[in-house]
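The structure appears below as C-alpha cells.
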There are 2 protein chains.
Amino acid sequence: MNIGNVSEQSGLPAKTIRYYEDIGLVQPSRHENGYRDFAVQDLHKLAFLGRARSLGFSIKECRTLLSLYEDRERSSADVKAIAQSHLTRVDRKIKELQALSATLRDLVVRCHGDERPDCPIMDDLTRSDFAKTRKHLAGTTL
Amino acid sequence: MNIGNVSEQSGLPAKTIRYYEDIGLVQPSRHENGYRDFAVQDLHKLAFLGRARSLGFSIKECRTLLSLYEDRERSSADVKAIAQSHLTRVDRKIKELQALSATLRDLVVRCHGDERPDCPIMDDLTRSDFAKTRKHLAGTTL
DNA sequence: CCTTGACCTTCCAGTAAGTGGAACTTCTAT
DNA sequence: ATAGAAGTTCCACTTACTGGAAGGTCAAGG
C-alpha cells in the first residue's frame, strides 16, 4: 500500500507518516522503486497512533502504548497507569487555565475599552509585586 | 545594573533576559567590559514581560503590549482587544481539554487495571472509525 | 513516443519560547 | 596570586510536526 492510500485511510498526513517512520514508530518495507509499502498492520498502527495523539498522549507515551498494543501478555494495569497519569496532567492543566481565565476575564471586564489610555489590564501588567509569586505556565502553548 | 541583579528583581532567568534581548524586546546598553547594563526602564519592561508571559500572552502579543505600554497615546480599547482575544483562546482550550478529560476519565474508569490484557482503553485506541471525526488538538502541549 | 500531472522520494529549514552546556573572560575577595 | 562567582558568546536540544525545494516514477492521453 502506498503512502497516499495509508494517509487517506488513517487520516494522518503523509508528512506525519514519514515522520513517524523517521522516529521509528513504523517500519514499512519498500517497493523496488523506492516507494514505501505499508502492510495492513502498519495501517492499524498508524490509526492507533492517530487516535492516541488525538487523545493528547505524547509521542513517548504513544511509543509505550504501541508496545503494549503489540504485547499479548500486557496487563491492562500498565495501560491504565499511562492513561491515568495523562488524565491527571490534563486536569491539572485545566485548573491552571481556569485560574488564568478568571484573571483575564476580570481584567477584561474592568477595562472600559475606549480611546483613553488608562487601563486596568496595563495596570496589572505594570504591577511590580508579582516577581515572587509569578509562576510560569508550565509549557502552555495555546 | 548587571543581569544577575535584573534577573533577581524581575524574577526572570538570566538566560531568558538574554533571549529577550536577542529577539529585540529589550536593548540594554553595555559596560566597557562587555557586560550588559540595564536601566531601570529595562527592569520595568522585563517585569512587564514576565507578568504578561505568566498570563499566557505570546511573545508576539507581548511585543504589541509592550509598544502600547510605552505609548502614552494608546487607547485602552487596543489593550482590551488583545486581552479579549487571548481570553477567548484560553476558554476554547479549556473546553477542548474538558472534552478530552471526560473521554479519558471514562476510559480510565472502565479499565479494571489488573494483570489481564483486555482493556477498554486499548479497545478505544484500536477503534478504526475515528479517522474522519478525529481532530488534532490544536497545538496542545501539556 | 512524449508529455502532463499526480504521486513519490529526500533533505533542509522553521515553528514557540526558551533551556542546557561548553569554552572563555572578568570581577571580587582573600 | 588565585579561587570562585558572574558575566560573555555560541551551538544544540526540546515537541511534533509542517512547508518547500529539487528531483524520480507512474498512469493516461494525444
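Just so you know, all these numbers are worked out from the coordinates, no wet-lab data involved. Model, not experiment: these values are computed from the prediction. Glycine also receives a Cβ, built like all others from the backbone with ideal geometry; neighbour counts cover every protein chain displayed.
From the alpha carbon gyration tensor of chain A, can you work out the equivalent ellipsoid semi-axes (sqrt of 5 times each eigenvalue) and give them in Å, largest to smallest?
Semi-axes (√(5λ), whole Å): 46, 21, 12.
Taking square-rooted eigenvalues a ≥ b ≥ c of the alpha carbon gyration tensor, is the protein assembly as shown rounded, prolate or oblate, where a/c under 1.5 means rounded and, failing that, a/b exceeding b/c means prolate?
Prolate, because a/c is 1.5 or more and a/b exceeds b/c.
Estimate the FRET efficiency between A:Glu73 and B:Ser58 by the formula 1/(1 + (r/R0)^6), using the beta-carbon distance for r and 45 Å for R0, to the nearest 0.05.
The calculated FRET efficiency here is 0.45.
³J(HN,Hα) across the range A:27-43 via Karplus (A = 6.51, B = -1.76, C = 1.60, θ = phi - 60°), whole Hz, x for Gly/Pro?
Coupling constants for the range A:27-43: 10, x, 7, 10, 6, 4, 7, x, 5, 5, 10, 8, 7, 4, 4, 5, 4 Hz.
Are there GluC sites (Glu not before Pro) in the range B:1-90 that DSSP marks as loop and that have at most 13 other Cβ atoms within 10 Å, and which are they?
B:Glu32, B:Glu70, B:Glu73
State, to one decimal in nm and shortest first, how far the label point of B:Ala77 sits from each corresponding label point in the other identical copies (label point: 7 angstrom along Cα-to-Cβ).
Label-point distances to the other copies, shortest first: 6.4 nm.
Using a label position 7 Å from Cα in the Cα→Cβ direction, what is the ascending list of nm distances from B:Ile59 to the same site in the other copies?
Ordered by increasing distance: 2.1 nm.
Given label points at 7 Å from Cα along Cα→Cβ, what nm distances, shortest first, separate B:Gly24 from the same residue in every other copy?
Nearest first, the other copies' label points are 4.2 nm away.
Given the pairs A:Lys15/A:Lys60; A:Lys93/B:Lys45; A:Lys45/A:Lys80, which are separated by over 23 angstrom at their Cα positions?
Exceeds cut-off: A:Lys93/B:Lys45.
Using packing as a proxy for protection, rank A:111-120, A:47-56 so that the peptide with the highest average count of other Cβ atoms within 10 Å comes first.
Result, highest mean first: A:47-56, A:111-120.
Binned at 10 Å from 0, what are the whole-percent values of the Cα-Cα distance distribution for the range B:3-56, short to long?
Calculated P(r), rounded to whole percents: 26, 61, 11, 2.
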